[in-house]
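K.L.:
Got a structure for you, written out below as structure tokens; questions coming shortly.
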Amino acid sequence: MKRLILFVLAAAMSVSMSMAGDEVQAKDPKKEKAQKVLEISGVVQSYVEALLEGVRHSSVSPEDRELYCKFATSESLMEYFISVYTEGYTEQELDAMIAFYSTPEGKSIVRKSLAVVRELRKASMQWGMSISAKVNTEKARIAAEKDK
């Protein structure tokens, strides 16, 4: 009976250690680096804040706003962005980003990035409206020429 108990305990420990080994192997250094870049650069948080800002200024109901705030989190977006970064960048590029965002200049860029993204969004909307106005003007000119 003692042998059976010892065998079961040894087998359980073996399985446990094997699973722990698999867990260590399952960690992907590239994914970890991508996550670190995303965390220190503030990219994920900027996208979440931009989405929630848009929701706050939209005509969605207060209940829907509350649900957006509940589900639109950095954690919920992180996995999506990690896969983009691991596919788009090499480990060496991720290392370089980590090094840069750890400098005073990199930290300053992170602090300013959300405000810059907001201004870029405004500028792109103005540009789009300008292009639409030009397209409409040109369409009117072409239509007027055809009527002659």
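The values are calculated or read from the model by the stated rules, or taken from the named source; none is laboratory data. All of these numbers come straight from a predicted model, not from anything done at the bench. Cβ coordinates were reconstructed from backbone atoms using ideal geometry, including for glycine residues, and neighbour counts include every protein chain displayed.
K.L.:
Being at negative phi, charged (D, E, K, R) and loosely packed, with under 14 Cβ neighbours inside 10 Å is true for just one of GLU79, GLU49. Which residue is that?
P.N.:
GLU79
K.L.:
Right, GLU91: of a type outside the set (Ser, Thr, Tyr), modelled with pLDDT of 95 or more, surrounded by 12 or more Cβ atoms within 10 Å (Cβ to Cβ) and in contact with a helix residue (DSSP H, G or I) (Cβ under 7 Å, 6 or more places away or on another chain) or not?
P.N.:
In short, yes.
K.L.:
Could you tell me how many of the residues in region 78-127 are free of Cβ contacts under 8 Å to residues at least 40 places away in the same chain, under 20 Å from GLU53 (Cα atoms) and either assigned to a loop (DSSP other than H, G, I, E, B) or among the small types (Gly, Ala, Ser) (or both)?
P.N.:
Of the residues in that region, 3 qualify.
K.L.:
Given the conditions (1) farther than 29 Å from ALA115 by Cβ; (2) modelled with pLDDT of 90 or more; (3) of a type in the set (Gly, Ala, Ser), which single one is not true for SER83?
P.N.:
Unmet for SER83, out of (1) farther than 29 Å from ALA115 by Cβ; (2) modelled with pLDDT of 90 or more; (3) of a type in the set (Gly, Ala, Ser): (1).
K.L.:
What are the pairs, 6+ residues apart or on separate chains, where a residue within region 52-74 that is without any contact (Cβ under 8 Å) to a residue 40 or more places away in the chain has its Cβ under 7 Å from a residue that is exposed (fewer than 12 other Cβ atoms within 10 Å of the Cβ)?
P.N.:
Pairs found: ARG65/ARG56.
K.L.:
Which of the residues that make up region 7-42 are surrounded by 10 or more Cβ atoms within 10 Å (Cβ to Cβ), modelled with pLDDT of 85 or more and in a helix (DSSP H, G or I)?
P.N.:
Residues satisfying the conditions are LYS30, LYS31, GLU32, LYS33, ALA34, GLN35, LYS36, VAL37, LEU38, GLU39, ILE40, SER41.
K.L.:
Can you pull out the residues in region 102-118 that are farther than 17 Å from VAL44 by Cβ and either surrounded by 11 or more Cβ atoms within 10 Å (Cβ to Cβ) or at pLDDT below 90 (or both)?
P.N.:
Correct list: SER102 only.
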